[in-house]
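Just below is one structure, and these are the notes that go with it.
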Amino acid sequence: MAGVTSRDVSAGVPGAGESAPSDAELIRAHVAGEPDAFAELVRRHRDRLWAVALRTVGEREEAADALQDALLNAHRNAARFRGDSAVTTWLHRIVVNACLDRLRRRQAHPTVPLPDGNRDQDRPSAPEPAAPAPDHDTALVVRDALAALPVDQRAAIVLVDVQGYPVAEAAEMLGVAEGTVKSRCARGRARMAVTLGFLRGEGNRPGGGNVGSGSGPVTSLPAGHDRRDQR
């Protein structure tokens, strides 16, 4: 692509000292054969894409596989990108679809992992940031409640409540109407509120029989640093 070279992409500065190439310019450069353009695009957005994959799938290994499948798909089919939405929206849509495909296959063909005796199956294989034990316990309970949602509701909750995307943008990523996203979020929040009512002092832990059933937003979702950067 004229104006964006391998040197420009790797340096982040195209041509004669202008601003870094846009996402759309990187896609066009990739389609035109520029070898480093897609890698730069992934570098820009991989953290948010990984966060969406991990929260949606719930398991690090499967999330990594889903993300890899999605990026390969985007790499191969970049010429189909028409610019009707932002590049990040297009990438997120591919990642979310890859995650949902894996979740649906897993539901259709459930497997029982064999314990290896060496690791806690409820903990991720990579080190987690240090946190006080009660906070860590709460995060695990919230994670389990999120994982228990139907896959469509989980995807909507992850994008809107965990990652902080506007409903309109989440609707584009999921390929559904805004009203559908709102409905899925509302139903998902209501389900999670039943499980997590004790976190707001509305009852005992699940299984105790006195858990609140409010349908408002679950304020204890572990968003924090996962929220997207301002673009």
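Things to note:
- Taking packing as the residue-averaged number of other Cβ atoms within 10 angstrom, the listed peptides 78-86, 62-70 run from highest to lowest as 62-70, 78-86.
- Calculated FRET efficiency, Ala108 to Ala20, Cβ-Cβ distance, R0 = 25 Å: about 0.05 to the nearest 0.05.
- Compared with the direct C-alpha span, the chain from Asp101 to Leu72 gains 8.9 nm at full extension, assuming 0.36 nm per residue.
Computed from the coordinates by the stated procedures, all read-outs in this text should not be read as laboratory data. Predicted model only: the values in this text are computed from it and were never measured. Don't worry about glycine lacking a Cβ; one is built from the backbone with ideal geometry, like all the others, and counts go over all protein chains shown.
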